[in-house]
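The values are calculated or read from the model by the stated rules, or taken from the named source; none is laboratory data. Just so it is clear, the model here is predicted, and its values are computed rather than measured. Heads up, the Cβs are rebuilt from the backbone with ideal geometry, glycines too, and the neighbour counts pull from every protein chain shown.
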Amino acid sequence: MPVSVLNTETLFLADGGGDLVKRRAIGAYLGLAIGDALGGTVEFLTPSEIRAAYRVHRDILGGGWLRLSRGQVTDDTQMALALGRSILCAGRVDAEAAAAAFSDWMRSKPIDIGNTVRRGIATYRRTGNPESPPSELDAGNGACMRCLPIALATLGSSTAEVDAANRAQAHVTHNNPTSDAGTLCALRMVQTALLGGDRAALAAIAEELVAADPVFDYARKRCENPSGFIVDTLRTVFQSLFATDNFEAAMVDCVNRGGDADTTGAIVGMIAGALYGPWGIPPRWTQHLDREVQLACIEQAQELLKLSPFCVAGQG
Ligand code: MN
Ligand code: MN
């Protein structure tokens, strides 16, 4: 497949879209890790603190409250990779396998871990049940930040099937309807972008979420310093995605809003990476991303996609 004509409609039509879909999947996975590494530097800072320190934060530098090395990622990318490994090992999305993978990851003494995630994994270790009890309080962004492997492994499935697969991984730690609805929306946006949907198509999916639950309305006021609440997170992500027209602008807009910037960066990264493709990611960001993480992202993107109904049906 000639790489030089990557971006053409001809290629998309000629091979049924499989090669282009694979490249967009790689863009999504690299985008996730890049957003995490870029945003990690400014996580928990306010926009004015970021302005004072960097004017505009636009380079992968490391540092931040976690004292990251340059290009290092955090729990967002690590948990996505752990979930991806569990799917590849089991050959399908499986709650038990996901819970075991998250537990192994927690045993590796990760650089950071959310409270809800820690509690969910601890409960799984104690009870052996991979589904944490429903909780009105657990509407954090921890299930959404790691959901990308679900989008890839279930590409071509019905929305109900994608939702069920996501609940299996999400409910290990976050058994909450607002988290489920927001995460399903993010998954559908990634899948639509993988299949060639444009920004307007993604905005229509966001609008469906807002119509179903107006708390997600992102048009009302500018989000700054977003918390780890899934609603704050996704409103920020939508504002950045829909106010810009390329990967770099969306990412810079997002992380400079501060707050939970590694996670908003990761989610913008996976959606914008699928939307604009890996050719839209500034090379300076890919170059500085941790080498091992970069290779794992590229490999998982391709292997997870191979499991999907989209590829199994021969379209890939
Ligand atoms: Mn993180
Ligand atoms: Mn975070």
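Brief remarks on what is shown
- Taking each residue of the range 260-271 that is under 16 Å from residue 50 (Cβ atoms) and looking for partners that are part of a helix (DSSP H, G or I) and near ligand 2 (Cβ under 7 Å from one of its atoms) with beta-carbon atoms closer than 8 Å, six or more apart or interchain, yields 262/76; 263/76.
- The helices (runs of 4 or more DSSP H) found entirely in the range 244-315 that carry 2 or more residues being crowded, with 17+ Cβ neighbours inside 10 Å and of a type in the set (S, T, N, Q) are 261-276, 291-307.
- Sole exception among (1) within 24 Å of residue 300 (Cα to Cα); (2) within 16 Å of ligand 2 (Cβ to nearest atom); (3) assigned to a loop (DSSP other than H, G, I, E, B) for residue 77, by number: (3)
- Per-region count, the range 251-284, residues within 12 Å of ligand 2 (Cβ to nearest atom) and either aliphatic (A, V, I, L, M) or more than 12 Å from residue 36 (Cβ to Cβ) (or both): 6
- Verdict on residue 67 being surrounded by fewer than 23 Cβ atoms within 10 Å (Cβ to Cβ), free of Cβ contacts under 8 Å to residues at least 60 places away in the same chain and among the charged types (D, E, K, R): yes
- Qualifying residue in the range 52-64 (condition: surrounded by fewer than 21 Cβ atoms within 10 Å (Cβ to Cβ), away from ligand 1 (no atom under 16 Å from the Cβ) and either within 26 Å of residue 311 (Cα to Cα) or small (Gly, Ala, Ser) (or both)): yes
- Of the candidates 70, 85, 51, 58, the single residue that is more than 16 Å from ligand 2 (Cβ to nearest atom), charged (D, E, K, R) and within 20 Å of residue 302 (Cβ to Cβ) is 85.
- Yes/no for residue 36 being within 16 Å of ligand 2 (Cβ to nearest atom), under 24 Å from residue 180 (Cβ atoms) and at pLDDT below 95: no
- Among the criteria (1) under 29 Å from residue 203 (Cβ atoms); (2) modelled with pLDDT of 95 or more, the one residue 138 does not fulfil is (2).
- Scanning the range 108-125 for residues that are part of a helix (DSSP H, G or I), away from ligand 2 (no atom under 16 Å from the Cβ) and without any contact (Cβ under 8 Å) to a residue 24 or more places away in the chain gives 122, 123, 125.
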